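First comes the structure, then the notes that go with it.
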Amino acid sequence: MKAVQFAGQGSMPEVVTVPDPEPGPGEVLLRVKASGMCHSDIAVIENPLLVGGSLPLILGHEGAGTVAALGHGVTGVEVGQDMVVYGPWGCGTCHNCSRGAENYCTRAQELAIKPPGLGAPGAMAEYMIVDDVRHLVPVDGLDLAEAAPLTDAGLTPYHAIKRSLGKLLPGSTAVVIGTGGLGHMAVQILRATSATRVIALDISEEKLELAREIGAHETVISDEAAAGRVRELTGGLGADLVLDFVGIQPTVTLAGACAGMCSDVTIVGVADGRLPVGFGSSPFEMAVAAPYWGGRDELIEVLALARSGAIGVHVEAHPLDEAPRTYQRLHDNEIVGRAVIVP
Ligand code: NAD
Ligand code: ZN
Ligand code: ZN
C-alpha cells in the first residue's frame, strides 16, 4: 500500500510503498478514507525525539475509514462500518482509562503504548491497524473527511474548553490565540457550548476572516498591541479563558497578559513558551494548564455536536500523493482550516 512516511531528522515526509498490514488477534484493519494533517506532525518533523525511537513512522493521527478486516477474536464491529479512530491509546484498564480518559493513561509509558501516527503506524496510508475496537467510534452519518479532524482538531479544543465551561457565563470573554486547525474549531465549540464572547487572535488576516465567519465576535491581529486591545474589549478586566494554540514564548506571554482574575489560561500549542505564575505577578487566582488531547467520551460528544450542525470543520482535501507538498504548505502557514489527506 501507499503511505506517507517520515524517515527521521532532516527529512520531509515522503510517499512510499510498504506491505499491506494484517490485523493480529484483537486488532482491526481500517481502509483509511481520510486523515487530517496536524501541526504536531511538523513538531515531530522538526524534533523527532517527540516520538522516541519510532522511526521511520507512517504519519497521521486523525483517522477515519471503513472496517476492512477483523483480527482473531474481534467482536463489536463489522466489516464495512465507517469509524473514526480515537487516537490517544491507553491500556484500557487503569483508573483514567476506565473513565474514558485514555489520553491520561497512567501505564502507557510503562507498556510502551504509542498513538497511531505519533509512534505506531498512522492513518496517512491506504490501510491502518487499530489495536482495539475500543479505539473506534462510529461515524454515524458524518462526512468522513470532516469526521477525521474531529478526532484531534475537534477533540483537543473540546477537552480544553469543557474543563472551563463553568467560567464561561453570560458576560464572560474567551480569547483564542491561533485560529488554525484547532483554533477554528475552538471558536465554534465556544459558541456552541457557552454564552461567552469570543475574541480570536491570529497573525493571518485570512484566518481571522474565517474566524469571523464561523462565529468569533471580535478578531485582533496578534502583535505587541494585541493584549492592550483585549483589555480594551473587556473593559480592562481581561478574559475569563485564554486558549493558546501556538505555545511559543510571544503567545504564552500574550495569553498571560490577556488573562483576568480567576481566569483559566490553557496552553495547547506544542512549543517552548513558559508562563510564570506568582503572587502579585499574575492576576489573582489565574490558573494555568497544558492539557493533552481528550477522552473517548469527549470524542463521542464532539461527533454529536458536529452531527447537530453546531460545529463543522473547514476542510481542504488532497489525495495521498499531495501529502508532502501539503505538509510544506502547513509548515508555511498556508492552510486555512484543516488539510485532510484522502487516500
Ligand atoms: P495550525 O498550523 O493549523 O494553526 C496554528 C495557527 O496559529 C495558524 O492559524 C497561525 O497563523 C497561528 N499563529 C502562528 N503564530 C501566531 C502568533 N504569534 N499569534 C497568533 N497566532 C499565531 O496548527 P494546529 O494543527 O491547529 O495546531 C496548533 C498547535 O496545537 C500546534 O502547536 C500543535 O502541535 C498543537 N496541538 C496540541 C495538542 C495537545 O494535545 N496539546 C493536540 C493537537 C495539536
Ligand atoms: Zn494533532
Ligand atoms: Zn490506562
For this session: May I ask you to evaluate 6.51 cos²θ - 1.76 cosθ + 1.60, the Karplus curve with θ = phi - 60°, for each residue of segment 38-53 and list the ³J(HN,Hα) values in order in whole Hz, giving x for glycine and proline?
Result: 9, 5, 4, 5, 5, 4, 5, 4, 7, 9, x, 4, 4, 10, x, x
Problem set entry | Mean separation of Cα contacts under 8 Å, 6 or more apart, over the residue count of the chain: relative contact order % | 19
For this session: Give a residue-ordered list of calculated ³J(HN,Hα) values for segment 209-220 (Karplus: 6.51 cos²θ - 1.76 cosθ + 1.60, θ = phi - 60°; whole Hz; x for Gly, Pro).
Result: 4, 4, 4, 5, 4, 9, x, 5, 6, 9, 10, 9
Seminar exercise, completed: Farthest towards the positive end of the dipole of segment 1-155, among Tyr86, Tyr127, Thr106 and with Cβ unit charges of +1 on Lys and Arg and -1 on Asp and Glu, lies the Cα of Thr106
Exercise. Can you tell which of Leu29, Ala174, Leu142 lies farthest toward the positive end of the dipole of the chain, using +1 and -1 charges on the Cβ of basic and acidic side chains (Lys, Arg; Asp, Glu)?
Worked result: Ala174
For this session: Over segment 152-224, calculate the relative contact order: mean separation of alpha carbon pairs under 8 Å at least 6 apart, over the residue count, as a percent.
Result: 29
Problem set entry | Point-charge dipole on Cβ atoms (K/R +1, D/E -1) for segment 7-60, about Cα centre, debye to 20 | 120
Exercise. Out of segment 99-132, which GluC sites (Glu not before Pro) are coil in DSSP terms and have no more than 12 other C-beta atoms within 10 Å?
Worked result: Glu110
For this session: With viscosity set to 1.567 mPa s and temperature to 4 °C, compute the Stokes-Einstein D of the chain, Rh being the Kirkwood radius across alpha carbon pairs; µm²/s, no decimals.
Result: 64
Seminar exercise, completed: Checking rank on 179-187, 311-319, with mean other Cβ inside 10 Å and highest first, the result is 179-187, 311-319
Seminar exercise, completed: If the chain between Val77 and Arg134 were fully extended at 0.36 nm per residue, the gain over the current Cα-Cα distance would be 19.5 nm
Exercise. Under 5 Å between amide H atoms, partner at least 5 residues away or on a different chain: which partners does Ala339 have, H built in plane at 1.01 Å?
Worked result: Met37, Glu316
Problem set entry | Beta bridge orientation in the chain: antiparallel %, DSSP, nearest 5 | 50
Seminar exercise, completed: Assertion target for Ser281, Ser194, Ser35, ordered by fewest C-beta neighbours within 10 angstrom first, is Ser281, Ser194, Ser35
Exercise. How large is the charge dipole for the chain, taken about the Cα centre, if only the Cβ atoms of Lys, Arg (+1) and Asp, Glu (-1) carry charge, to the nearest 20 debye?
Worked result: 720
Exercise. Taking R0 as 35 Å, what's the FRET efficiency between Ile203 and Tyr292 from their Cβ-Cβ distance, rounded to 0.05?
Worked result: 0.90
Exercise. For segment 325-339, in order, what is each residue's ³J(HN,Hα) by Karplus, 6.51 cos²θ - 1.76 cosθ + 1.60 with θ = phi - 60°, in whole Hz (x at glycine and Pro)?
Worked result: 5, 5, 4, 4, 5, 5, 4, 7, 6, 9, 9, 9, x, 10, 7
For this session: Take the alpha carbon gyration tensor of segment 19-172, find the square roots of its eigenvalues, order them as a ≥ b ≥ c, and report rounded if a/c is under 1.5; if not, report prolate when a/b exceeds b/c, else oblate.
Result: rounded
Problem set entry | Label-point separation in nm, Thr93 to Glu22, each point 7 Å along Cα→Cβ | 2.8
For this session: Run the numbers on segment 94-233 and let me know its relative contact order in percent, using alpha-carbon pairs under 8 Å that are six or more apart.
Result: 14
Problem set entry | Cα-projected label distance for Asp143 with Asn333, points at 7 Å along beta-carbon direction, nm | 2.8
Exercise. So what is the 222 nm mean residue ellipticity for the chain from helices alone, if each DSSP H run of at least 4 adds -39500 (n - 2.57) and you divide by all residues, rounding to the nearest 500 deg cm²/dmol?
Worked result: -7000 deg cm²/dmol
Problem set entry | Using a Förster distance of 51 Å, the FRET efficiency for Ser281-Asp321 (Cβ separation, nearest 0.05) | 0.50
Exercise. Hey, got the dipole for segment 185-284? About the Cα centre, +1 on K and R Cβ, -1 on D and E Cβ, debye to the nearest 20?
Worked result: 300
Exercise. Looking at segment 200-289, which GluC sites (Glu not before Pro) are DSSP coil and have at most 11 other C-beta atoms within 10 Å of their C-beta?
Worked result: Glu224, Glu285
Seminar exercise, completed: Residues meeting the amide H criterion for Glu62 (H placed from the backbone, H to H distance under 5 Å, 5 or more places apart or on another chain) are Gly36, Ala123
Seminar exercise, completed: segment 25-43 and segment 268-343 have their Cα centres apart by a whole-number Å value of 16
Seminar exercise, completed: Ranking Gly60, Phe6, Ala153 by how far each Cα lies towards the positive end of the charge dipole of the chain (+1 on Lys and Arg Cβ, -1 on Asp and Glu Cβ), the top one is Ala153
Problem set entry | Whichever lysines have a C-alpha closer than 30 Å to that of Lys2, once near sequence neighbours (fewer than 8 apart) are set aside | Lys33, Lys114
Seminar exercise, completed: Amide H proximity to Ala216 below 5 Å, modelled H, separation 5+ or other chain, gives none
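Taken together, the values in this text are just the output of simple stated rules run on the coordinates, not laboratory data. Here the structure is a predicted model, which means the values were calculated and not measured. Backbone-built Cβ (ideal geometry, glycine too); neighbour counts: all protein chains shown.
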